[in-house]
Amino acid sequence: MFDGYDSCSEDTSSSSSSDESEEEVAPLPSSLPIIKNNGQVYTYPDGKSGMATCEMCGMVGVRDAFYSKTKRFCSVSCSRSYSSNSKKASILARLQGKPPTKKAKVLQKQPLVAKLAAYAQYQATLQNQAKTKAAVPVEGFSWGNYINSNSFTAAPVTCFKHAPMGTCWGDIAEGVRVEVPNTDCSLPTKVFWIAGIVKLAGYSALLRYEGFENDSSLDFWCNVCGSDIHPVGWCATSGKPLVPPRTIQHKYTNWKAFLVKRLTGAKTLPPDFSQKVSESMEYPFKTSMRVEVVDKTHLCRTRVAVVESVIGGRLRLVYEESEDKTDDFWCHMYSPLIHHVGWSRSIGHRFKRSDITKKQDGHFDAPPHLFMKVKEVDAAGEWFKEGMKLEAIDPLNLSAICVATIRKVLADGYLMIGIDGSEAADGSDWFCYHATSPSIFPVGFCEINMIELTPPRGYAKLPFKWFDYLRETDSIAAPVKLFNKEVPNHGFHVGMKLEAVDLMEPRLVCVATVTRIIHRLLRIHFDGWEDEYDQWVDCESPDLYPVGWCQLTGYQLQPPAPQSSRDSQSSSSKQKKKAKSQQYKGHKKTTSLQLKEELLDGEEYSFLQGASDQESNGSASYYIKQEP
């Protein structure tokens, strides 16, 4: 591990400054590997195991692979060449710039550092190592600067079980040590040094090189899951040189002793961390798979679509009849909006049959087990009934929770729901939620939690009172015990930053903030935009991601609107946003409802279940394709 700075003295004593300036390493959670000095995590080049340096050519490699009993040479040729005094003197003189001594300790002088670095880099280019996906920077926006300049806090990765490493993040926290490229170096090749995590924001970490103490001048942000971050000991096993940053190179005369004291007992990443990252970014959905997905232009039905691409678990689906592949729809693979082919028929949901009579070559149905499973329900006893009242997030206006009515009860626990006062005569704007959905609530939920409830359109008896409304409509409230009351320990707090899908235009992932938490319900605010564009989202929604998710997966992140745009939203910027919202906002429902008059055509089929008649999924106007 210490081959990169063998220019330091081999004496066991270090400078007084290194002894006196050391601070005790704070204890960290025990699930991460503990760095030891007995060879279990890192070893010394002169130890009985680990790495060794060839005394002839300077090659760094695994000690057990070296030649001879003393393990002094990397090959037979180096051993024989070393016996030639003239060649030995020539090589050592070239490395050090002066006549060599009899012992190979001359290899620990400074010129060898460059030699080792150059050779390690050359050796790395010859190795056929598996390549990990590099983090993709987002032009014009830096999460690190955004968080630092405003003292923001980001939601931890463990809040997002569907995201890469979400279930195996462990105890990665401030104080964990890693090996990273040393950018404060004049060597022409890539060398590394050890750094500690100063601050963690999602996948992004603020790192400080070991030895800088309280000096933050060279602190830098990087993605913990990126290809350039490794556990301590990786350089030793990979033959990479560790070289202290140029700025602090003068601080200590014995860097080995310094690192031993600083790192012993500290935490580092698990040795298989990069493998876990790669595995967590493997997705079961593949291109050319066929699925059933909501029809974004006629929300009362589903259509067959084909997976065109997969990015970070998000699917770009192209409707099967789209010849130029421009008629697409974005959603996460765990979204409740996609199902296996045949799902609509099985529960009695309306479905648009494709004009394509048979599958295109290479297309195949996605296996049912790939889709997110809903919780099984028992509808045999007391259950939801048509006409029951409830409160529901309005998918035509995700910032509102509205008075709603159960219009149809489908199979497997699915319900067709309509927003009171806004329903089309043919029920074409009903939307489908499962009985366990976190987007439906019992009567009185908003009042208890001090949320503004949106009354039926045109209802004049304000303020709205449920008792009066139930009596006036001669209806009953859905029993409270039928609703999903599970509240997971999600870990979100008000003010936390994250990356969130704009469900009004689901191809966009934006910088966002949690502004309110009601049990498992989160109020998501898109930074730089007005509150009217906020959205209610469940804490386990697959459309929420940790800070750095876009960088890790290569998805484009939408940064906050600049201050100038915020100040002028009443003009161009605001009009542009409103142009999008006009098809989605509750008071603009008539725009989308005009489409519903075309629904009862020859292409549409209703698969009936029991006594149910034609159903439609008007689950959200945000499925309507937007013009750029």
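Scanning the range 439-458 for residues that are more than 15 Å from ALA478 (Cβ to Cβ) and in contact with a Leu (Cβ under 8 Å, 6 or more places away or on another chain) turns up GLU447, PRO455.
Conditions tested, residue by residue: (1) modelled with pLDDT of 95 or more; (2) surrounded by fewer than 16 Cβ atoms within 10 Å (Cβ to Cβ); (3) over 29 Å from SER217 (Cα atoms).
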residue: PRO137; (1), (2), (3): no, yes, no
residue: TRP143; (1), (2), (3): yes, no, no
residue: SER149; (1), (2), (3): no, yes, no
residue: ALA154; (1), (2), (3): yes, no, no
residue: VAL157; (1), (2), (3): yes, no, no
residue: GLY166; (1), (2), (3): yes, no, yes
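When the range 514-524 is filtered for residues that are touching a Lys or Arg at 6+ places or on another chain (Cβ under 9 Å), at negative phi and surrounded by fewer than 20 Cβ atoms within 10 Å (Cβ to Cβ), the ones remaining, listed by number, are THR515, ARG516, ILE517, ARG523. Of all residues in the range 524-545, exactly one satisfies the criterion of being more than 14 Å from LYS497 (Cα to Cα) and touching a Gly at 6+ places or on another chain (Cβ under 9 Å), namely PRO542. The residue list LYS481, LYS485 contains one member that is open to solvent by 20 Å² or more (accessible area, probe 1.4 Å), in a loop (DSSP other than H, G, I, E, B) and more than 18 Å from ALA154 (Cα to Cα), which is LYS485. Residues that are open to solvent by 10 Å² or more (accessible area, probe 1.4 Å) and of a type in the set (S, T, N, Q) within the range 274-303 comprise SER274, GLN275, SER278, SER280, THR287, SER288, THR297, listed in sequence order.
Looking only at residues in the range 311-340 that are in contact with a helix residue (DSSP H, G or I) (Cβ under 9 Å, 6 or more places away or on another chain) and modelled with pLDDT under 95, the one that is surrounded by the most Cβ atoms within 10 Å (Cβ to Cβ) is PHE329. Could you please give the count of residues in the range 409-428 that are open to solvent by 10 Å² or more (accessible area, probe 1.4 Å), part of a loop (DSSP other than H, G, I, E, B) and touching a helix residue (DSSP H, G or I) at 6+ places or on another chain (Cβ under 9 Å)? Going through the range 409-428 one residue at a time, the tally reaches 4.
Could you grab me the full set of residues in the range 317-346 that are within 19 Å of TYR414 (Cα to Cα) and among the β-branched types (Val, Ile, Thr)? ILE338, VAL341 - these are the residues of the range 317-346 that are within 19 Å of TYR414 (Cα to Cα) and among the β-branched types (Val, Ile, Thr). Picking from residues in the range 466-478 that are in a helix (DSSP H, G or I) and loosely packed, with under 14 Cβ neighbours inside 10 Å, the one that is nearest to the chain's Cα centre (by Cα) is PHE467.
When PRO271 is tested against (1) open to solvent by 10 Å² or more (accessible area, probe 1.4 Å); (2) part of a helix (DSSP H, G or I); (3) under 26 Å from SER204 (Cβ atoms); (4) touching a residue at least 24 places away in the same chain (Cβ under 8 Å), exactly one condition is not met: (2). Of all the residues in the range 341-385, those that are within 21 Å of PRO542 (Cβ to Cβ), open to solvent by 80 Å² or more (accessible area, probe 1.4 Å) and either among the aliphatic types (A, V, I, L, M) or at pLDDT 95 or above (or both) number 2.
Scanning for something closer than 30 Å to THR167 by Cβ, at pLDDT 95 or above and surrounded by 22 or more Cβ atoms within 10 Å (Cβ to Cβ), does the range 212-224 turn up at least one residue? Yes - at least one qualifying residue is present in the range 212-224. Among the residues examined, SER437 qualifies as open to solvent by less than 20 Å² (accessible area, probe 1.4 Å) and closer than 18 Å to PRO336 by Cα. Look at the range 454-472: where a residue is in the same structural domain as GLY421 (by the TED database) and a partner is open to solvent by 90 Å² or more (accessible area, probe 1.4 Å) and at pLDDT 95 or above, sitting 6+ places away or on another chain with Cβ atoms under 7 Å, you get LEU470/ILE476. Checking each residue in the range 432-461 for being closer than 24 Å to ASP531 by Cβ and not in a loop (DSSP other than H, G, I, E, B) picks out ILE440, PHE441, PHE445, CYS446, GLU447, ILE448, LEU453, THR454.
The values are calculated or read from the model by the stated rules, or taken from the named source; none is laboratory data. A quick note: this is a predicted structure, and the numbers were derived from the prediction, not measured. We place every Cβ from the backbone using ideal geometry, glycine too, and count neighbours over all the protein chains shown. Remember, those area values only see protein heavy atoms, side chains included, never the ligands or the DNA or RNA. Shrake-Rupley method; radii C 1.70, N 1.55, O 1.52, S 1.80 Å.
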